[in-house]
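Q: Here it is, the structure, as structure tokens.
Values in this text are rule-based calculations from the coordinates and carry no lab data. Computed from a predicted model, the values in this text were never measured in an experiment. Here Cβ is always computed from backbone atoms with ideal geometry, including for glycine, and neighbour counts include all displayed protein chains.
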Amino acid sequence: MRILLVEDDKSLGSLIHKALVKTGDAVDWIKDGEAALAALTNPNNQFDVIILDLGLPKMDGLEVLQKTRKHGIHTPVMILTARDTIDDRVKGLDSGSDDYLIKPFDLDELGARLRALQRRATSRTENAINFGRIELNPATHTIMLDKKVVNIPRREFALMQKLLENIGHVVTRETLAQTLYGWNEEIDSNTLEVHIHNLRNKFGKDVVRTIRGVGYMIEKIP
């Protein structure tokens, strides 16, 4: 997943950032509301999920959320906050958030809730994605071919997941690159091609189709 983390607490933000990157997510971390709104309304940015604190400098998280939705941005939002009254939760959900998690929280629960938001956004009801001889499970971070686990680096796993979530549709190079890398990570010009090559070696040369000048796709099984 490409995640925007909006959290001004440096120690908590660092903890969340490290935990999500470790599981293979690309995470961009912003520490104030104005910068968050600018990032969200920039058409060059494509996020799968937003983690949003409410008590932010420069602009309150609730205002960020409201303005984001007014811009027609439908990216799933999880509010992560210490504001724990029923009124706070109602305001957050009515302003357009998709989930509401109160601090302190468990990192495993955070991960599970993020996966649930991603499933909902991709119209899935189960964690595992099955495609012919391939089964990918984001919850356990495993991928199998013919019922046997395939060892795969985290970025190749994230790439395969993005393609499997969009079976039958072309995923652009830009979208795939944003799925794998955050703002502060350098990407070589042929990095994506290398990852695709490795996936073909592991799962079959025809599993990923190149759409020249656009991107890549996994075609539906006839």
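Q: Would the stretch 96-135 count as rounded, prolate or oblate if I go by the C-alpha gyration tensor, calling it rounded below 1.5 in a/c and otherwise prolate when a/b exceeds b/c, oblate otherwise?
A: Oblate is the answer for the stretch 96-135, as a/c is 1.5 or above yet b/c matches or exceeds a/b.
Q: Further, regarding this structure: What does the charge count around L199 come to, taking other residues whose C-beta lies under 12 Å from its C-beta (Lys +1, Arg +1, Asp -1, Glu -1)?
A: Value of the local net charge: +3.
Q: Shifting gears a bit: Could you please report the charge total around Y216, scoring K, R as +1 and D, E as -1 over all other residues with beta-carbon less than 14 angstrom from its beta-carbon?
A: Overall, the nearby charge balance is 0.
Q: Please report the Cα spread of the stretch 2-121 along all three principal axes, rounded to whole Å, starting with the longest.
A: 36, 33, 29
Q: Normalise the Debye intensity by I(0) for the chain, one equal point scatterer per Cα, no solvent, then take log10 at q = 0.07, 0.15 Å⁻¹ and round to two decimals.
A: -0.23, -1.00
Q: While we're looking at this one, here's another question. Using Cα centres only, tell me the gap between the stretch 127-205 and the stretch 80-122 in whole Å.
A: First find each Cα centre; the distance between them is then 27 Å.
Q: Along the charge dipole of the chain, pointing to its positive end and built from +1/-1 on Cβ of Lys, Arg, Asp and Glu, which listed residue (A128, L12, L110) has its Cα farthest out?
A: Checking the options against the dipole of the chain, the answer is A128.
Q: I need the peptides 28-35, 13-20 ranked by packing, meaning the mean over residues of other C-beta atoms within 10 angstrom, with the highest value on top.
A: Going from most to least packed, we get 28-35, 13-20.
Q: What Rg and what Dmax come out for the stretch 129-217 when only alpha-carbon atoms are used, in angstroms?
A: Radius of gyration, then largest Cα-Cα span, for the stretch 129-217: 12.6, 37 Å.
Q: On a full-extension model of 0.36 nm per residue, what is the gain between E174 and F105, subtracting their alpha-carbon distance, rounded to one decimal in nm?
A: Contour length minus the Cα-Cα distance gives 21.5 nm.
Q: Okay, next question. Net charge near Q118, counting Lys/Arg +1 and Asp/Glu -1 over other residues with Cβ under 9 Å of its Cβ?
A: Neighbourhood net charge equals +2.
Q: Give the peptides 57-64, 107-114 in descending order of average Cβ contacts within 10 Å, highest first.
A: Ranked by mean Cβ neighbours within 10 Å, highest first: 57-64, 107-114.
Q: May I ask for the angle, rounded to the nearest 10°, between helix 61-70 and the longest principal axis of the chain, with both axes built from Cα atoms and the value confined to 0 to 90°?
A: 60 degrees
Q: Right, here's the next one. Compute, for the chain, the length of the dipole vector about the Cα centre, with Cβ point charges of +1 (Lys, Arg) and -1 (Asp, Glu) only. Units Debye, rounded to 20.
A: About 880 debye.
Q: Turning to a different aspect of this structure: For the Cα atoms of the chain, what angle does the longest principal axis make with the long axis of helix 191-203, in degrees from 0 to 90, nearest 10?
A: Here the helix axis deviates by roughly 60 degrees.
Q: On a 0 to 90 degree scale, rounded to 10, what angle separates helix 10-22 from the longest Cα axis of the chain?
A: Roughly 20 degrees between the two axes.
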